[in-house]
Amino acid sequence: MTYDGGLIRFTNEGLDAIQTQTRSQQAQYTEIWNNVHTQLLSLVEQGQVDAGIGQVLNDRDETFRRESAGFDDGVTAQNTAMRDVQTIGNEGGAAMVRAAMGGGR
């Protein structure tokens, strides 16, 4: 809440920034893994790395996909919770402004 020359304003832009940064990080770590995965598979296909590495890589890829999906689900739940907090804050702020102006609820 800020007071600006007779105007009471409730802000929650910080929560939007957190959500945006987190989504960006999700995209970045997925892109990094996909690049590494592709490059290593290419080495296996070219015979530059033992074929057994390919199976290990596939196992690691499954693990990454499973764990990142769990993390992504957690982030989605966190973002939903933040939006709920924003909504509650906005509604509460509006109610406080109405009360301060004598309008009640």
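The values are calculated or read from the model by the stated rules, or taken from the named source; none is laboratory data. Note that the coordinates shown come from a computational prediction; the quantities given were computed from them, not determined experimentally. Glycine gets a Cβ as well: all are built from the backbone with ideal geometry, and neighbour counts include every protein chain shown.
A few points about this structure:
- When 86, 46 are checked against the criterion of being exposed (fewer than 14 other Cβ atoms within 10 Å of the Cβ) and either out of contact with any Asp or Glu (no Cβ under 9 Å at 6 or more places or on another chain) or in contact (Cβ under 8 Å) with a residue 24 or more places away in the chain (or both), 46 stands alone in meeting it.
- Residues that are over 28 Å from residue 96 (Cβ atoms), of a type in the set (S, T, N, Q) and not in a helix (DSSP H, G or I) are absent from region 57-76.
Conditions tested, residue by residue: (1) over 22 Å from residue 27 (Cβ atoms); (2) of a type outside the set (A, V, I, L, M, F, W, C); (3) at pLDDT below 80.
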| site | (1), (2), (3) |
| --- | --- |
| 54 | yes, yes, no |
| 62 | no, yes, no |
| 65 | no, yes, no |
| 73 | no, yes, no |
| 103 | yes, yes, yes |
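- Consider region 60-105 and keep the residues that are of a type in the set (Asp, Glu) and under 12 Å from the mean Cα position of the chain (by Cα). The one that is nearest to residue 41 (Cα to Cα) is 72.
- Of everything listed in (1) surrounded by 10 or more Cβ atoms within 10 Å (Cβ to Cβ); (2) over 20 Å from residue 23 (Cβ atoms); (3) modelled with pLDDT of 80 or more; (4) not hydrophobic (A, V, I, L, M, F, W, C), the single unmet condition for residue 93 is (3).
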